[in-house]
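Everything below concerns the one structure shown next.
The values are calculated or read from the model by the stated rules, or taken from the named source; none is laboratory data. Small disclaimer: the values here were computed from a predicted structure and weren't measured. A quick note on method: Cβ atoms are made from the backbone with ideal geometry, for glycine too, and the neighbour counts reach across all protein chains shown. Heavy atoms of the whole protein, side chains included, go into the accessibility calculation; ligands, DNA and RNA do not. Shrake-Rupley method; radii C 1.70, N 1.55, O 1.52, S 1.80 Å.
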Amino acid sequence: MIRPAYFPLLSVLGMHIMNTSDNNVMLMALLFLIPAYVIFIAVKHKQVPERAYAPIIFLTSISLVLLLGLRSNHIIGIDAHVEYYLFQQTFHNGQWQILLNSTLDSCLSISILPTIYQSFLNINSEYLFKILYPLLFSISALVVYLISKKYIGSLYAFLASLFFMSQSIFLNTALSPRTNIAILFFALSIMVLFHAGLTDFNKRLLFIVFAASCIVSHYSSTYIFFLMLLLTWMGMQIIPKIIASRRKLALPANLPAADPPKAASQLWENQATTVENTRGRLKGYITIGLTALFFVILFFWYSQVTGAAFNSGVSFISTTLKKLPEFFILESRGGGVASAFGAELGAKGIPQHITFVFSWLTIAFIAIGVLTTLARYRHRVAFSNEMKQEPPEFLAQKLDAEFFILSLACSAILAASVALPFIYRGYGMGRAWCQMMTVLSPFFVIGGIMIARFIRVRWAYLMVLVVLIPYFMCQTGTMYQIFGVPQAITLNSEGKQYNLYYAHDQETYACQWLGKQIKPKGKAYADFSGHDRLVSQGSIPISSTSNAVAFFEQDRELNGYIYLRYYNVVDGKLIGPSSTEEHELREYWTQIMRENKIYANGGSEVWR
């Protein structure tokens, strides 16, 4: 316990050194110590008391989520800037209201929730966003551990929780607070349904509380949650009947020697009785009533109260259906799917190849875990109380039928998000993947165990670690750092992530100054990331900002302000309307020089 207790200290102190002197030695030490300690725990697991796993997971989780949150003195990311603006307006107005007439208005997780905390804590409001949300979301790793522990035991649940902590969305909590808070409530909802220590009434009550909290936290995560509930309930109506019908057709081969016809008849009757009772013994908590209640709350909040989020959901479904004729066109899924299948991988470096391989290995492990469990459901899934008494092989106990069907629903949603046109491009795979991993993380471990058994590896956890540790190093940016590639913003002061997300002090001072100068209906032009700084640091309404590159391309007369951030002034580059579109500042220098420079601080400028 002494070793992991140092992880948060190394995280905080290491990031302070990184912010002040660009020295990432202590952070690299932390990111090597964590996998080394995981290997140590796995090897010595027989000597590790079960009560030690939870605090180890919690300390590791905190140390990882704080890395990005503590980077820079200001808000980091893209969406986080607009979310911070909504919080500021709610806090200063003293009430929640529809400000932007957009989907973000429906997310109380970025308006009322931080306002309540700020009312009590009264700390630097930026650090409220940068530290509070990561600390809250760090609990999700423990939730995954509790869900997994019920079925695969403490050691394997520990590895499943580390796999969850290796997800990019988990590591980048500070970039998208509303999404991760919704995923946390989603995970808590699943946990209480399958927790053995709660009564049925408490399970349903807590589920309603957490599910309602998810609904008012993030719209997209809620829609996925509802689809999972619906698919799980449908599966609980169909799959047990299919299994029962198969059992009814299966005649045992071991018939008594005397009077075979009579024995066979008796066995058929007993089998039929078992089949009849199987469906009755299945206890499902995801009922049609609970699913309907979830939809009613969803519809009331998104359609009747806020409006924009429901319209966005309807539009998303409509667009997806319209894009179905483009099913065989890879480009209809966006560049992310093409990259996931190795497009242009040949032109990339060694760490990109390693990341590609181990990302697909994790997917393969999950798929093998789900499919082998499906193939051997008689031995691993409890479709009746009688089946729970059978030996569960390597499992701590058999999977609850409802949990397994929920896992199948999660797998189907992930497959559909890649297979169907527009879904990947319209929503993004990262958030859906992380949400599904709260349920599917145990199957990553099960898949590793199955492969270990197939190739006859004595210690199955070694096969899991062979994939898990490199995957962790790739996701945290450690693997890239080994090969000298500046990938992760937490370990570098250069690279794409740094140029997009990092907020400098000079940028904040310039935005605050411009926020005081600009008139209510004035206009400010900035590049892709500069727009976000104007909104959060200068409290300039989104409607008053526009992209500078698009403005320069039109070559119109300036009626407002041009804001140049650190990347524009020091590196001489502008990012266009898209985050992947980069331009040289000198291309537009003639247009800029028509105006007057009215503010400069060495890292940012304002022209008018």
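When the stretch 383-441 is filtered for residues that are open to solvent by 30 Å² or more (accessible area, probe 1.4 Å), modelled with pLDDT of 65 or more, out of contact with any Phe, Trp or Tyr (no Cβ under 9 Å at 6 or more places or on another chain) and on the phi < 0 side of the Ramachandran plot, the ones remaining, listed by number, are LEU408, ALA412, ALA415, ALA416, MET429, GLY430, ARG431, TRP433. Scan the stretch 109-119 for residues that are surrounded by 22 or more Cβ atoms within 10 Å (Cβ to Cβ) and either at pLDDT 95 or above or part of a helix (DSSP H, G or I) (or both) and jot them down. Matches in the stretch 109-119: SER109, ILE110, LEU113, PRO114, THR115.
One line per residue, one yes/no per condition, for (1) among the β-branched types (Val, Ile, Thr); (2) at pLDDT 95 or above; (3) in contact with a Leu (Cβ under 7 Å, 6 or more places away or on another chain):
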site: GLN88; (1), (2), (3): no, no, no
site: ASN124; (1), (2), (3): no, no, no
site: PRO134; (1), (2), (3): no, no, yes
site: ALA141; (1), (2), (3): no, yes, no
site: LYS150; (1), (2), (3): no, no, no
site: PHE158; (1), (2), (3): no, yes, no
site: SER168; (1), (2), (3): no, no, no
site: ARG178; (1), (2), (3): no, no, no
site: PHE186; (1), (2), (3): no, yes, no
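If you go through the stretch 547-569 and keep only what is open to solvent by 40 Å² or more (accessible area, probe 1.4 Å) and at positive phi, you end up with just ASP555.
With (1) surrounded by fewer than 17 Cβ atoms within 10 Å (Cβ to Cβ); (2) at negative phi as the list, and ASN122 as the residue in question, which single condition is left unmet? Going through (1) surrounded by fewer than 17 Cβ atoms within 10 Å (Cβ to Cβ); (2) at negative phi one by one, ASN122 breaks only (2).
Just one of the listed residues (LEU104, LEU146, LEU188, LEU198) is in a loop (DSSP other than H, G, I, E, B), of a type outside the set (Asp, Glu) and touching a helix residue (DSSP H, G or I) at 6+ places or on another chain (Cβ under 7 Å), namely LEU198. Taken over the stretch 369-382, the criterion of being crowded, with 20+ Cβ neighbours inside 10 Å and modelled with pLDDT under 90 is satisfied by ARG380, VAL381, ALA382. Considering (1) in a helix (DSSP H, G or I); (2) within 21 Å of VAL570 (Cα to Cα); (3) open to solvent by 40 Å² or more (accessible area, probe 1.4 Å), say which one ARG453 fails and leave the rest. Condition (2) is where ARG453 drops out. Looking across the stretch 583-597, the residues that are in contact with a helix residue (DSSP H, G or I) (Cβ under 9 Å, 6 or more places away or on another chain) and either open to solvent by 20 Å² or more (accessible area, probe 1.4 Å) or farther than 15 Å from TYR525 by Cβ (or both) come down to HIS583, GLU587, GLN591.
Scanning the stretch 40-76 for residues that are over 15 Å from SER154 (Cα atoms) and touching a Leu at 6+ places or on another chain (Cβ under 9 Å) yields THR60, SER61, ILE62, SER63, LEU64, VAL65, LEU66, LEU67, LEU68, GLY69, ILE76.
Against the numbered list (1) at pLDDT 95 or above; (2) over 20 Å from the mean Cα position of the chain (by Cα), LYS44 comes up short only at (1).
Selection within the stretch 186-202: residues that are free of Cβ contacts under 8 Å to residues at least 12 places away in the same chain and not hydroxyl-bearing (Ser, Thr, Tyr). The member of this set that is most open to solvent (accessible area, probe 1.4 Å) is PHE201.
If you go through the stretch 520-532 and keep only what is closer than 13 Å to ILE562 by Cα, assigned to a helix (DSSP H, G or I) and open to solvent by less than 30 Å² (accessible area, probe 1.4 Å), you end up with just GLY530. Check whether at least one residue in the stretch 322-336 is under 30 Å from ILE98 (Cβ atoms), more than 26 Å from the chain's Cα centre (by Cα) and modelled with pLDDT of 65 or more, and report yes or no. The answer is yes; a qualifying residue exists. Close contacts from the stretch 578-595, counting a first residue that is under 15 Å from LEU564 (Cα atoms) and a second that is open to solvent by 100 Å² or more (accessible area, probe 1.4 Å), with Cβ to Cβ under 6 Å and a gap of 6+ residues or different chains, come to GLU595/ARG608.
Residues of the stretch 287-315 that are outside any helix (DSSP H, G or I) and either of a type outside the set (Val, Ile, Thr) or over 21 Å from VAL209 (Cα atoms) (or both): GLY307 alone. Counting only residues that are under 15 Å from the mean Cα position of the chain (by Cα) and of a type in the set (Ser, Thr, Tyr), which one in the stretch 113-163 is farthest from LEU465 (Cα to Cα)? By that ranking, first place goes to TYR133.
For the criterion of being surrounded by 15 or more Cβ atoms within 10 Å (Cβ to Cβ), on the phi > 0 side of the Ramachandran plot and within 39 Å of the chain's Cα centre (by Cα), SER544 fails. The set of residues in the stretch 203-225 being of a type in the set (Phe, Trp, Tyr) and over 15 Å from LEU193 (Cβ atoms) consists of TYR219, TYR223.
Within the stretch 83-98, the residues that satisfy the criterion of being assigned to a helix (DSSP H, G or I) and surrounded by fewer than 21 Cβ atoms within 10 Å (Cβ to Cβ) are GLN88, GLN89, PHE91, HIS92, ASN93. Entry remark, the stretch 493-519: residues being part of a loop (DSSP other than H, G, I, E, B) and free of Cβ contacts under 8 Å to residues at least 12 places away in the same chain number 3 in total. For ILE183, the conditions (1) open to solvent by 10 Å² or more (accessible area, probe 1.4 Å); (2) part of a helix (DSSP H, G or I); (3) of a type in the set (A, V, I, L, M); (4) farther than 22 Å from ILE39 by Cβ are fulfilled apart from (1).
Taking LEU162, is it farther than 15 Å from GLY430 by Cβ, out of contact with any Asp or Glu (no Cβ under 9 Å at 6 or more places or on another chain), at pLDDT 95 or above and open to solvent by 10 Å² or more (accessible area, probe 1.4 Å)? Considered against the rule, which asks whether it is farther than 15 Å from GLY430 by Cβ, out of contact with any Asp or Glu (no Cβ under 9 Å at 6 or more places or on another chain), at pLDDT 95 or above and open to solvent by 10 Å² or more (accessible area, probe 1.4 Å), LEU162 comes out as no.
Checking LEU500 against (1) surrounded by fewer than 20 Cβ atoms within 10 Å (Cβ to Cβ); (2) within 14 Å of LEU27 (Cβ to Cβ), which test does it fail? Among (1) surrounded by fewer than 20 Cβ atoms within 10 Å (Cβ to Cβ); (2) within 14 Å of LEU27 (Cβ to Cβ), the lone unmet condition for LEU500 is (2). Annotation for the stretch 489-497: at least one member residue is closer than 28 Å to ALA187 by Cβ and either surrounded by fewer than 23 Cβ atoms within 10 Å (Cβ to Cβ) or of a type in the set (Lys, Arg) (or both).
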